[in-house]
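Written below as structure tokens is the structure these notes are about.
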Number of protein chains: 2
Amino acid sequence: MKRNAKDFDMELLFRALADETRLRLLNLIGNDEVCVCYLVEALRTSQPKISRHLAYLRRAGVVEARREGKWMHYRVVEPADTYARKIFQELCLWLMQDQKMQRDRARLAKLCCTPQPPVQLQGAPRPLRIAAER
Amino acid sequence: MKRNAKDFDMELLFRALADETRLRLLNLIGNDEVCVCYLVEALRTSQPKISRHLAYLRRAGVVEARREGKWMHYRVVEPADTYARKIFQELCLWLMQDQKMQRDRARLAKLCCTPQPPVQLQGAPRPLRIAAER
DNA sequence: AGTACATATTCGTTTAAGCGAATATAATTC
DNA sequence: GAATTATATTCGCTTAAACGAATATGTACT
């Protein structure tokens, strides 16, 4: 019954997940580590908007960031709480099969693999996992 | 892959769950059917507040209501979507073990079983499951 | 019909979040 | 060290949502 464990703030988690842009970001990051510029391009939206939502996710403990020179890489952090983690994992399964999310991922993949990437992305570090595949 | 199934609105579900009062309500209702007046008493808060949050949950498809005379009974409706249902069920497990939620349930149980219920509850139909236990 | 009671809704206000535009910060390059 | 690039933050505004207080609706009872 874990009587001593500090109770997890489930409401905070749900608030973090209750926004389309943030769900799309989590979907794109997946279990990879993705540079902000790729997220901006893949979602075709403004950089400040992406940055603000990433900050929100970070405050909620859902993602962490790593700096690499001028680039910032974001990765998902699974919740420490057992129940929250299961919820999160189930959400990931949903993201995988949702059609809009699939389209987002396809767009990201295309950005990563195209021989002529948009100007914004030239020289930018590609997502780790995808980069590893080549 | 269910290509034809209309994609579930996961964001809507999370918004419904991203509020403490609504989580507490879902916790109290559980898999029972509970009269509004019991919810008001158990959460020690105003009746309009409870009513508004129940309306919110109903719009989000998370609960349904049944009228019985002047009383309204609310019950939880598990999401049709497989992933959403699993998330919901996992949330229920979390509710069961969370200490604050346990206290809420204890307060409701006490209201149901006390020989001298508060004036507001005299004559009100008790939660089905608890009523059935006696 | 009229009163009483349970619940729902509206009103006015406050607060949290979202956004685009502009600006600030931090690292890199020249 | 000045310019460039990537990202973060701030500003002003708009919208959603929460709240208490007041009011409306619906049902029951006399």
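The values are calculated or read from the model by the stated rules, or taken from the named source; none is laboratory data. Note that the structure is a prediction, hence the values are computed from the model and not measured. FYI the Cβ positions are ideal-geometry reconstructions off the backbone, even for glycines, and counts take in every protein chain you see. For the accessible areas, the whole protein counts, side chains as well, though only heavy atoms, and no ligand, DNA or RNA atoms are used. Shrake-Rupley method; radii C 1.70, N 1.55, O 1.52, S 1.80 Å.
Computed values, structure above
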{"quantity": "Estimated inter-spin distance, B:LYS100 and A:ARG85, nm [label 7 Å along Cα→Cβ]", "calculated": "2.3 nm"}
{"quantity": "Placed amide H near B:VAL77: partners under 5 Å, 5+ positions off or other chain", "calculated": "B:VAL63, B:GLU64"}
{"quantity": "Stretch gain in nm, segment A:LYS49-A:ALA109, where the contour uses 0.36 nm per residue and the Cα spacing is subtracted", "calculated": "19.5 nm"}
{"quantity": "Accessible area buried, both sides summed, chains B and A with 1.4 Å probe, Å²", "calculated": "2600 Å²"}
{"quantity": "Nm distances between copies for A:LYS70, ranked from closest, using label points 7 Å along Cα→Cβ", "calculated": "7.1"}
{"quantity": "In Å², nearest 10: area of A:GLU64 left accessible to a 1.4 Å probe", "calculated": "80 Å²"}
{"quantity": "Cβ-vector label at 7 Å, A:ASP7, separations to other copies in nm", "calculated": "3.5"}
{"quantity": "For residues of A:82-88, the mean tally of beta carbons on other chains within 10 Å", "calculated": "5"}
{"quantity": "Whole-number percent relative contact order across the range B:10-115, with pairs defined as alpha carbons under 8 Å at least 6 apart", "calculated": "32 percent"}
{"quantity": "Alpha carbon centroid spacing (whole Å) that separates the range A:34-49 from the range B:1-63", "calculated": "34 Å"}
{"quantity": "Residues with amide H under 5 Å from that of B:THR45, placed H, sequence gap 5 or more", "calculated": "none"}
{"quantity": "Which listed pairs, of B:LYS86/B:LYS110; A:LYS86/B:LYS110; A:LYS49/A:LYS100; A:LYS6/A:LYS49; A:LYS49/A:LYS86; B:LYS6/B:LYS86, have C-alpha distances above 24 Å, in listed order", "calculated": "B:LYS86/B:LYS110; A:LYS86/B:LYS110; A:LYS6/A:LYS49; A:LYS49/A:LYS86"}
{"quantity": "Under-5 Å amide H pairs with B:GLU33, H placed in peptide plane, nonlocal only", "calculated": "B:LEU128, B:ARG129"}
{"quantity": "Rounded to the nearest 10 Å², the accessible area of A:SER51 at probe 1.4 Å", "calculated": "50 Å²"}
{"quantity": "Derived scalar couplings ³J(HN,Hα) [the range A:62-67; Karplus, 6.51 cos²θ - 1.76 cosθ + 1.60; whole Hz; x for Gly, Pro]", "calculated": "8, 9, 10, 10, 9, 8"}
{"quantity": "With all protein chains modelled, accessible area of B:VAL77 [1.4 Å, Å²]", "calculated": "40 Å²"}
{"quantity": "Shielding by partners, peptide A:9-18 (average Cβ within 10 angstrom, other chains)", "calculated": "6"}
{"quantity": "Exercise: per-residue mean of other protein chain Cβ atoms within 10 Å, A:89-99", "calculated": "5"}
{"quantity": "Karplus (6.51, -1.76, 1.60) ³J(HN,Hα), θ = phi - 60°, over the range A:39-46, in Hz, Gly and Pro reported as x", "calculated": "5, 4, 5, 5, 8, 6, 9, 6"}
